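Novice: Pasting a structure below so you can have a look.
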Amino acid sequence: MEKPNTTSNVIRGCGIAILVLLLIGTIFVGFIATAFGGVVAFCFMSIIAVFWVFCIFSLSNILKLKPRLILFGSIETVLIIAFIITDTHYSREQARIRQIESEMRLPGVNQHINLQDYEPFSVGSRVVRFNDNEEITLQFTDNLPRLDGATALYPVYSAFVQAVYPSGDYSLPQRDSTDIDYRDLIVRCSTTGTAYENLIKGEVDIIFVAGISNEHNTLAQRNGIELEFTPIGRDAFVFFVNSANPVNSLTTAQIRDIYSGEITNWKELGGEDVDIFPYQREVNSGSQTAMENLMVNTPLMRPPMEDVVEYTMEAMIFQVESTHHRNRPNAIGYSFLYFTTEMASADQIKLLSLDGVAPTRENIVNGTYPQSGYFYAVTVKGSDEDNPNISAFIEWILSEQGQYLIEKTGYTPLN
C-alpha cells in the first residue's frame, strides 16, 4: 500500500495559504487604490491584475491543479475583487455627494420658494389680508381678469385676489404638472418673461412685472400689440455677495466694470486677491432686464454657461451663499429687495450699498438709493373695452386699499 506523500501535502497547503493571502492582499491594495481614483487607481489595478495572473500560473505547478480549474478560479476571484472595489468606490462617491449636498443646503436660503404658501383663500396662507370688519370698496362676481406675473410679485397680486375676487380655488399648479390647461387658470405665476408672452398672446389680461425687455417689446410690436404700463409700487434692484466677503459697498461704475469684464479681481475693489464670479440671469427675466438697464451703454459681458442662473431667482442667491464649489464666497449676484429679504430669507449673504447708500425701504421712499424703480400692472391697450373690470381693478390697486396691501406685503407703495 502506497504511503501518502507528506511533503506534497505540505507544499499544497502552503500554496493554498499563499493564494488566500494574495487574495486578501489584493483586496486590501484595491481599497487603497479606490482612495486615489483616476489614473492612480487605474495604474494600481493594472499592477494588481498582472501580479495576480503571474501568481496563479506560478502556483499551478506547485498545486498541481487542472488548467480548467485554474481558469475558473482566476475569473471568479477577479470578479469578486472587481465587485468589492467597485462597490466600495460607489459607496465612497455617494457619501461624498451626500456631504456636498449637506454643505450646499445652508440654513440661510429657501432653495425652492413655495408659492403655495401665498395662495389666496387657502388655509394657513401667508398672503396679506384686510381685517374682517373692513369694507372692501371693490368686489368682483364675474368677468374676473386673468392674472399672471413675476415670482417676486405673486404675494402682492395674490393679496389683491384675496380682497377683490370671490372665494374659490385659485391654487397654482405644481411645477412638474403636465396635464394642466393653463388657459383655464384665472391666476398664474409664470415668471416675468413668460408672463409678457402670455399677455401678448391674449391668454391673460393683467400681468404684474418689472420693466419690459427689448425682445418682448419687439414681440409686442410685431404682433400689433400696444402695452400700457401702470406703476403700482416700487422696489430696489440690489446686489449681494457672500457674508464672508469683506466688500460692503460698490459704486454703480464699479458694478458696470464688473459686469463688462473690466474688473475681474476683488482686490481691485478692496477685497481679497481672488477672482470675481459675476452671476447673471437668463435673458428676458425681470432681474436680467434690470441689469441690462443699469449697464446703459456699457456692453454686458457674455458669461460662461455655468455662471448663468436660469429658471429661479432663489438659485442665484443659493449659488452666492454656497461655499463648497469654485470658491463661491467670491461670487456676486443681483435680485430685488423684497424677494431677497422676505421670500428667500437669505442670511448667508449681505446686500451691498450702492454709491454709498444702503438698499432699504426708507432709502427707496426718499429716493436716495440709485437703483430703485417701479413695478407695473401691464395690460393691452383697449382690453378694458371687452372687460371693464380690468380698468376697475387697476384703479382699485392705485387706491388707498390697494396701496395698503402693497405696503403690508413688504413693497414700497407709490405714496
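Derivation of every value follows stated rules applied to the coordinates shown; laboratory data play no part. Note that the coordinates shown come from a computational prediction; the quantities given were computed from them, not determined experimentally. Neighbour counts run over all protein chains shown; Cβ positions are idealised from the backbone, glycine included.
Novice: Going 7 Å from the Cα of Asp386 toward and past its Cβ, which residues in the stretch 219-236 have a backbone nitrogen under 20 Å from where you end up?
Specialist: Hits in the stretch 219-236 for Asp386 at 20 Å: 219-230.
Novice: Full extension from Arg126 to Val274: what is 0.36 nm times the residue separation minus their Cα-Cα distance, to one decimal in nm?
Specialist: 49.2 nm
Novice: Hey, another quick one. Calculated FRET efficiency, Asn214 and Asn133, Cβ-Cβ r, R0 45 Å, to nearest 0.05? It would help to have the intermediate numbers written out before the result.
Specialist: On the way: r = 48 Å, r/R0 = 1.06.
Rounded to the nearest 0.05, the efficiency is 0.40.
Novice: Sticking with the crude label model, points 7 Å out along Cα→Cβ, report the distance from Glu342 to Leu300 in nm, one decimal please.
Specialist: 2.5 nm
Novice: What distance in nm lies between label points placed 7 Å from Cα along the C-beta direction at Asp117 and Thr252?
Specialist: 3.4 nm
Novice: Multiply the residue gap between Ile225 and Glu407 by 0.36 nm, knock off their C-alpha separation, and tell me the result in nm, one decimal place.
Specialist: Working: separation 182, 0.36 × 182 = 65.52 nm, distance 3.16 nm.
Length gained, Ile225 through Glu407: 62.4 nm.
Novice: Could I ask something else about it? Sorting check: for 270-280, 222-232, which peptide has the highest mean count of neighbouring beta carbons within 10 Å, and how do the rest follow? Don't skip to the answer; put the middle values down first.
Specialist: Details: 270-280: 16.6, 222-232: 13.6.
The most tightly packed comes first, giving 270-280, 222-232.
Novice: A further question on this structure: In sequence order, what are the phi-derived ³J(HN,Hα) couplings for the stretch 282-290 according to the Karplus relation 6.51 cos²θ - 1.76 cosθ + 1.60 with θ = phi - 60°, rounded to whole Hz, with x for glycine and proline?
Specialist: 6, 4, 6, 6, x, 6, 5, 5, 4
Novice: Work out, step by step, the length gained on full extension between Asp184 and Glu282: first 0.36 nm times the residue separation, then minus their alpha carbon distance; give nm to one decimal.
Specialist: Numbers: separation 98, 0.36 × 98 = 35.28 nm, distance 2.78 nm.
Gain on stretching Asp184 to Glu282: 32.5 nm.
Novice: Glu400 to Ala244: FRET efficiency via 1/(1 + (r/R0)^6), r the Cβ-Cβ distance, R0 60 Å, to the nearest 0.05? Please report the intermediate quantities before stating the final value.
Specialist: Working: r = 44 Å, r/R0 = 0.73.
Efficiency, from the Cβ-Cβ distance: 0.85.
Novice: Hey, fewest Cβ within 10 Å first, where do Ser249, Ser167, Ser190 land in order? Numbers along the way, then the final one.
Specialist: Working: Ser249 14, Ser167 8, Ser190 22.
Final ranking by Cβ density, sparse to dense: Ser167, Ser249, Ser190.
Novice: Arranged from highest to lowest average of other beta-carbon atoms within 10 Å per residue, in what order do the peptides 130-139, 212-221 appear? Intermediate values should be presented prior to the final figure.
Specialist: On the way: 130-139: 9.9, 212-221: 15.9.
Listed from highest to lowest mean packing, they are 212-221, 130-139.
Novice: With labels modelled as points extended 7 Å from the Cα through the Cβ direction, what inter-label distance (nm, one decimal) is found for Leu414 paired with Ser171?
Specialist: For Leu414 paired with Ser171, the spin-label model returns 3.5 nm.
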